[in-house]
Structure formats: C-alpha cells, structure tokens
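What follows draws every value from the coordinates through simple rules; no lab data is involved. Since the model is a prediction, treat every value here as computed from it, not as a measurement. A quick note on method: Cβ atoms are made from the backbone with ideal geometry, for glycine too, and the neighbour counts reach across all protein chains shown.
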Amino acid sequence: MKRRHFGGSLIGAAAAPSPVAAAAAKPRHNTLMHVGGDYHSVAGAEITSRENLEYNLRYGVRHLTAQIRKKSLEGAWDADELKRMRDNCDRLGVVFEAIRMDPDYITMRPGAERDRMIETIAGNIAKAAQVGVKVITYHWTVIPIRRNAKTTGRGNVTYAGFRLEDRWQDLPPTKSGRVTSDEYWERITYFLTKLVPVAKQHDVKLACHPYDPPGLPFGYQGADNWDSPAVFAAVKRYESIVDSPYNGFQLCLGTAAEGLKDPKKEILPIVRYLGERGKIHQIHMRNIKGGLHGFEEVFPDEGEMNFFEVMRILRDTQFGWSICPDHMPHHGDDPKGLQSFAFGYGYIKALIQAVNSEVTF
C-alpha cells in the first residue's frame, strides 16, 4: 500500500491511531524508503547531465531532487526545461522525484506582489506534476543561513559551524527589516491555505525545511524566526495550520538538531511524531557535534545523533521517500564534495539494509 492512501485518515486523527501508526505497531520491512541525491553535490555541468546521473547511479542513487535554473523574471519554471530534465532522468532510469523551490515568497508582505507570487507558485506546482514530480521542498529564509565558525576534523576536513554571538543584538537587520513572529506566521499561514489545496489537486507534496539554525533569539538580525524558540513546538504548529498529507516537511535532521539541547534524545520524538502522521516527505541526513546555539557539521557517523535509531522509526512508520546526505565537511582535494557525498550515499544504503534485516516482510 502506498502511503498517500492514508491521507484521508490522517486529518483529525487525534481520537484514533493513524494507519501509519498502526502499521508501526508491528515492525516490518520497508521497501519504500530509498537514498536520494540532490543539488548539494553535482558532477558535470548540471544536475541531470549524463555525468551527474551516472555518478549517482554508481552509488545506487536512483531518485533525484533538483533546483530549476531556467525561470522567468517572476519565478515561473520553464515547462520545456522541466521536460528536458525529466527526459534526461528517464533515459538512465532515474526518478525525477522532487524540486527545491526558491524562498522568495517568505520575504513578501501582504499585497498584490505577494498574490502574484502565490499564483506563480501554483503554476509551478502544476508544471511539476506534469513531468511526474511528487515533492516540492522549500526553505523559509527571512535572514540568511547562519555560519560563523570553522574547525578542522578528521583527514584535515573543514567543519562549518555556528556559535551564538555574545553581542548578537548588535548585528544589523537584513534587507527584510524587522519581521515579527506574528508577521512570519501570517505569511506561512497565507501560503499554506492558498497552496496546499493546489498541491492536493495535483498530487504533489509540499515539504518545508526548518530554518537553519533554529532556536535563534527573537530579534536576531531583525527576525523572529518561525522555528524559534522551540523547534518541535514550531513544527507541530506548522503542520497543524493545514492538517493535510500534502503539508509536510523536508526534515533535515542536522538542522533540527541545531535547535535542541540534547539532539541524540530529542530528535527521536520529532521523527516519530511526523512519521506517524505521514508528514515527512524527504529526509536530509546531516549530523552535528553540539546543539542549541553552538554546533559544527560533521560526517554522519561521528556526530551526536544515532541514525540507526532514526532509521528504525522511518522503517516502522513506512516512510516512503528519499533520504539524502547533506552538508558534508569540505576538503581541498574534494572541491565539489563528490567523495564525501559518495560516502554519505553508501552510509544511508547500509542503514536501510541494516534496519530491514531486523524484521520480516
């Protein structure tokens, strides 16, 4: 049974376990989840080039998340470009599964320009569906992703990190200016109420990536970020605005962990909560050392989180989408990250095999 069949029973399911949760009562083999590749590591000229697709296939990666480079000034995706990308994937047996959407909408205040952007996004959802894309991911960034530290790791790689500044109140606002919590949530609510029905119409999942890093103090560079001060509470609020299987998350484990005091323990309830509701539409498997207000991004096998435990939850909730390596450490001998991401692909495939070996079909 495909997970989208569960959609009708997930809405308002507080009184009874969802079918996903019921399935998790007896662990069984998960043949749906798979390793995925995306825009973070690209061999060759572009993401659906033969060189990049063959690079992915060498490591058993057959599902792809792309960014769209050919767009109108208003942000409309080019239908011919989408078809070309899909055809490139089809020729080599790769599934064009998802597209990453630009975050421009979230910077817009109420008005005609924002309404035009909503119409453009609705058109993009329809175009994605026409080429068989099933997931659109996005990342709401009123202020840029924050990194302000570098450390050296194994094999002389560089770990990117963040430390909350002692005088963070002195940092200047970004071009978005002051964005209060109420304003941020108004923009999110408007987006979801307008576009989740469009996504349902076209059978395309919307998947929100947490802001990176979560848990920043309100007013940091002028913004009260939506996943602050507590990332789990914010995720619950976000998915409840329009309670639909088409309103879910690109759950970046590393990003969520950046907002937790004890990532190893606190990440598991988040994965379980969203997994049981069928609200995870993609996983970014990134690990960190540290946690709230101080962390560095490391290889998946050396950080705070136990990904074997995470994978058991994904198995038992019959998660059925891509698990992608993400934000790997950098090294001068691997400028495009092809070595580190190949390691990530193999690590994820091994985890899938390991957790499935524990249970029967």
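Which residue fluctuates the most in the chain, going by a Gaussian network model with Cα springs under 10 Å, if the choices are ARG28, ARG100, ARG116?
Fluctuation is largest for ARG116.
Which of rounded, prolate, oblate describes segment 225-315, given a ≥ b ≥ c as roots of the alpha-carbon gyration tensor eigenvalues and a/c under 1.5 marking rounded, otherwise prolate only if a/b is larger than b/c? Can you show the working numbers first?
Working: a/c = 2.16, a/b = 1.37, b/c = 1.58.
Cα axes put segment 225-315 in the oblate bin.
Run the dipole for the chain about the Cα centre, Lys and Arg Cβ at +1, Asp and Glu Cβ at -1, nothing else charged, and hand back the magnitude in debye, nearest 20.
For the chain, the charge dipole is close to 780 debye.
Multiply the residue gap between LEU57 and ARG116 by 0.36 nm, knock off their C-alpha separation, and tell me the result in nm, one decimal place.
Working it through step by step, the gained length comes to 17.3 nm.
For the pair LYS175 and HIS29, what calculated FRET efficiency results from E = 1/(1 + (r/R0)^6), where r is the Cβ-Cβ distance and R0 = 45 Å, to the nearest 0.05?
Numbers: r = 49 Å, r/R0 = 1.10.
That pair, HIS29 with LYS175, gives E of 0.35.
Name the helices (complete DSSP H segments) of the chain with a Cα length along the long axis of 20 Å or more and a Kyte-Doolittle mean of at least 0.0, or state none.
Span-like helices, by this rule, are 338-357.
Where q = 0.14 Å⁻¹, what log10 of I(q)/I(0) comes from the Debye formula for segment 314-361, counting one point per Cα?
These q points yield log10 I(q)/I(0) values of -0.45.
Please build a GNM for the chain, connecting alpha carbons under 10 Å apart, and tell me which residue among PHE218, PHE307, PHE249 fluctuates the most.
Most flexible of the set in this elastic network: PHE218.
Using +1 on the beta carbon of Lys and Arg, -1 on that of Asp and Glu, and nothing else charged, what's the dipole of segment 62-197 about the Cα centre, debye to 20? Mind showing how you got there, number by number?
On the way: 24 positive and 18 negative charges, 112 e Å.
Using only the charged Cβ atoms, the result is roughly 540 debye.
Sort segment 217-270 into rounded, prolate or oblate with this rule: let a ≥ b ≥ c be the square roots of the eigenvalues of the Cα gyration tensor; rounded if a/c is under 1.5, and if a/c is not under 1.5, prolate when a/b is larger than b/c, oblate otherwise.
oblate
Ranked highest first by the average count of other Cβ atoms within 10 Å around their residues, in what order do 150-156, 196-202 fall?
196-202, 150-156
Is the chain best put as rounded, prolate or oblate by its Cα gyration tensor, with a ≥ b ≥ c the root eigenvalues, rounded for a/c under 1.5, and otherwise prolate when a/b is larger than b/c, oblate when not?
Taking the square roots of the gyration eigenvalues as a ≥ b ≥ c, the chain is rounded.
Please enumerate, by chain and number, the aspartates and glutamates with C-alpha under 20 Å from the C-alpha of LYS236, excluding those fewer than 8 residues away in the same chain.
Filter leaves ASP182, GLU183, GLU186, ASP212, ASP224, ASP227, GLU258, ASP262, GLU266, GLU276.
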